[in-house]
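*Asks:* Handing you this structure, nothing more for now.
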Amino acid sequence: MIIFVGMPGSGKSTVGRQLARRLGVEFVDSDQRIEQDLGCSIRSFFEREGEERFRDIEAETLDVLTLQGGPGVLSTGGGAVLRESTRQRLRARGRVIYLHALPDDIYRRVRHDTTRPLLQGGNPVQRLCTLYEQRDGLYRETAHYVVETGRPTVATLVNMVAMQLELDELAAHPAGGS
Ligand code: S3P
């Protein structure tokens with residue numbers, strides 16, 4: 001199972017979906033699964049029940065999704081790595097890829113988005129910087145690979161991830177190795 005982690009707006013769902021299509025495997029976005037299960041948007045759930053309650057549901061959903069042997073490709077919510085138990089599970093159950101993006105680049109991509117509760121109101125750039133400072137180390141701790149997103153296209157990013165996975169496969173099973 002290939003698992004994407006990273007900041008909100010780093011491209012986990014877009015790159016994950018395209019990679020799954022390319023590999024011909026199932027793709028699941030854990031946030032979408034949570035919204036289906038809850039029957040409402042994450043934003044309204046946050047407003048009604050608060051962040052901690054959301055984190056409980058997120059941890060449970062990721063546990064179930066990764067235990068089942070799961071989809072071929074899974075994209076997670078930006079806060080999935082906040083709990084140590086989830087970090088350990090993700091790393092043990094899949095090949096984890098951190099799509100690394102800097103706050104300024106993320107802001108460019110998400111500035112018109114109203115669905116992400118943690119980025120609404122106030123100063124979103126400042127909030128992104130704070131989240132980045134809190135989480136960059138946690139994403140790195142969880143991931144087997146870090147892929148720089150910067151400004152390449154989605155197709156280039158998908159190629160970069162696919163190449164990384166192929167190299168990994170080659171290193172694990174060297175052809176004609178003696
Ligand atoms: C969150 C990111 C969101 C979603 C929720 C909380 C976060 O997912 O899980 O709004 O804490 O960063 P994306 O990373 O897909 O935006």
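*Asks:* Give, in nm to one decimal, the length gained when the segment between residue 111 and residue 92 is fully stretched (0.36 nm per residue of separation minus the Cα-Cα distance). Intermediate results must be reported in sequence, preceding the final value.
*Replies:* Values: separation 19, 0.36 × 19 = 6.84 nm, distance 3.42 nm.
Here the segment from residue 111 to residue 92 would lengthen by 3.4 nm.
*Asks:* Same structure, new question: Quick check for me: using +1 on Lys/Arg Cβ and -1 on Asp/Glu Cβ, what's the dipole size of the stretch 73-178 about its Cα centre, in debye to the nearest 20? Each step should come with its number before you reach the end.
*Replies:* Working: 14 positive and 11 negative charges, 81 e Å.
Value, rounded to 20: 380 debye.
*Asks:* With unit charges on the beta carbon (Lys/Arg positive, Asp/Glu negative), name the residue among 46, 6, 142 whose Cα is farthest towards the positive pole of the charge dipole of the chain.
*Replies:* 6
*Asks:* Please compute the volume of the convex hull spanned by the alpha-carbon atoms of the chain and report it per residue in Å³. Don't skip to the answer; put the middle values down first.
*Replies:* Working: hull volume 22.0 nm³, N = 178.
So the per-residue hull volume is 124 Å³.
*Asks:* Next question, about the same structure. For the residue pair residue 163 and residue 126, what label-to-label distance in nm results when each label sits 7 Å from Cα along the Cα-to-beta-carbon direction?
*Replies:* 4.0 nm
*Asks:* Could I ask something else about it? So what is the calculated 222 nm ellipticity per residue for the chain, using -39500 (n - 2.57) for each DSSP H run with n of 4 or more, over all residues, to the nearest 500 deg cm²/dmol?
*Replies:* After summing the helix terms and dividing by residue count, I get -18000 deg cm²/dmol.
Each reported figure results from applying straightforward, stated rules to the coordinates on display, with no laboratory input. Note that the structure is predicted; figures quoted are calculated from it, not measured. Counting neighbours? That spans all protein chains shown, and the Cβs are built from the backbone with ideal geometry, glycine included.
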